[in-house]
């Protein structure tokens, strides 16, 4: 069986450094997706350095997408040579592992207005982020893993708040240029103080994407995915019920109540973990079992706590999303926490058992650059854990 999924975990745990040979080649090469810090910044090199690739595809029998998170010196490196092309090398591998770089849809390359409002995520998701701000920042209660405040201040060329027309036009343009360019549309953003108004605004953007896909005849082929804070008035969630092929999520981040309060102080103070779980139950009833999702971040709490939460969510018909914590330059946690390969492997093995038991649906359909769900849904974490860390 392919070891790509395990190599992905090693790269997420350790990060990956770019060699001078790769940087020189990539700087002078056009057409591949470069890192665009729409809302997070997991590369710790000089800000004046050339933008790195955003993700890599570990190709082969079971290909996977992995983020390029550069935390500095590591045993895992991305290099380039004339005879190999881009390749991942490490003393942990018997030989270099060739990788593929991803390409933007033509409309994203040719239309600056589309590039200003959207981003290609993981090679197959057209992603929109709105609003590009969060009221937690003003109160000093932002999620401690989040780097949006500093990233938005550093990279201010992207739209701060999107309209129905901007999202609809971007989706329509991308799929008109290439109907197979994407397999999902992803809508996420910061939080407005009036959570009901904020959720209604997100609903408008979901409708915009869905309407564009319906007009193109792609409703069955391209799903629309929303992650947001739940509204206070849970009846507003019912507005998702008339949108076809939709997935949606409210993120818990950590399962242990004390860790939830510590890493998501704004969510803890203003909404509460129990209330988010209640909203998830309403969401499940509206969009359907396992089409409701919630992120738990591996590395923010013991592995057994993450798996306990994932199991309880799955038993309730809610699909857990398991992301590996990635250290962002502008986050409060920064490099103070780094999940080990052993930790991520323990979570992945437990997650595989859950996917073998429940009909969990991955939130990201093959494009989750920091997530483990697609790999678990395809049985990639069966068997013994390779010694990559």
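Annotation note: of 95, 82, 55, the sole residue that is without any contact (Cβ under 8 Å) to a residue 40 or more places away in the chain and closer than 24 Å to residue 375 by Cα is 95. Part of a loop (DSSP other than H, G, I, E, B) and touching a helix residue (DSSP H, G or I) at 6+ places or on another chain (Cβ under 8 Å) - does that describe any residue in the stretch 104-113? Within the stretch 104-113, one or more residues are part of a loop (DSSP other than H, G, I, E, B) and touching a helix residue (DSSP H, G or I) at 6+ places or on another chain (Cβ under 8 Å).
Here is a yes/no grid of residues against (1) touching a residue at least 40 places away in the same chain (Cβ under 8 Å); (2) surrounded by fewer than 17 Cβ atoms within 10 Å (Cβ to Cβ); (3) part of a helix (DSSP H, G or I); (4) in contact with a strand residue (DSSP E or B) (Cβ under 7 Å, 6 or more places away or on another chain):
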residue	(1), (2), (3), (4)
162	yes, no, no, yes
173	yes, no, yes, no
176	yes, yes, yes, no
186	yes, no, no, yes
207	yes, no, yes, no
212	yes, no, yes, no
217	no, yes, no, no
225	yes, no, no, yes
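What about residue 200, is it assigned by TED's automatic domain parsing to the domain that holds residue 264 and modelled with pLDDT under 95? For residue 200, the condition - assigned by TED's automatic domain parsing to the domain that holds residue 264 and modelled with pLDDT under 95 - is not met.
When residue 296 is tested against (1) touching a residue at least 60 places away in the same chain (Cβ under 8 Å); (2) closer than 30 Å to residue 342 by Cβ; (3) crowded, with 18+ Cβ neighbours inside 10 Å, exactly one condition is not met: (1).
Just one of the listed residues (334, 317, 368) is without any contact (Cβ under 8 Å) to a residue 40 or more places away in the chain and either assigned by TED's automatic domain parsing to the domain that holds residue 58 or closer than 25 Å to residue 134 by Cα (or both), and it is 334. On the stretch given as the stretch 227-251, residues that are closer than 24 Å to residue 275 by Cβ and either out of contact with any helix residue (DSSP H, G or I) (no Cβ under 7 Å at 6 or more places or on another chain) or touching a residue at least 60 places away in the same chain (Cβ under 8 Å) (or both) total 5. Take residue 366 and tell me if it is in contact with a helix residue (DSSP H, G or I) (Cβ under 9 Å, 6 or more places away or on another chain), under 22 Å from residue 123 (Cα atoms), at pLDDT below 95 and in a loop (DSSP other than H, G, I, E, B). When the stated conditions are applied, residue 366 passes them. Here residue 152 clears all of (1) closer than 30 Å to residue 84 by Cβ; (2) part of a helix (DSSP H, G or I) except the condition numbered (1). Out of 199, 136, 145, one residue alone is assigned to a helix (DSSP H, G or I), in contact (Cβ under 8 Å) with a residue 40 or more places away in the chain and surrounded by 20 or more Cβ atoms within 10 Å (Cβ to Cβ). It is 136. In the stretch 42-86, counting only strands (runs of 3 or more DSSP E) that sit wholly within it, the ones holding 1 or more residues that are in contact with a strand residue (DSSP E or B) (Cβ under 9 Å, 6 or more places away or on another chain), over 22 Å from residue 388 (Cβ atoms) and modelled with pLDDT of 90 or more span 77-81. With respect to the conditions (1) outside any helix (DSSP H, G or I); (2) in contact with a helix residue (DSSP H, G or I) (Cβ under 6 Å, 6 or more places away or on another chain); (3) surrounded by fewer than 22 Cβ atoms within 10 Å (Cβ to Cβ), residue 346 falls short on a single one, namely (1). When 118, 147, 124, 130 are screened for being touching a strand residue (DSSP E or B) at 6+ places or on another chain (Cβ under 6 Å) and in the same structural domain as residue 335 (by TED's automatic domain parsing), only 118 passes.
The values are calculated or read from the model by the stated rules, or taken from the named source; none is laboratory data. Source: prediction; values computed, not measured. Cβ: placed from backbone, ideal geometry, glycine included. Neighbour counts: every protein chain shown.
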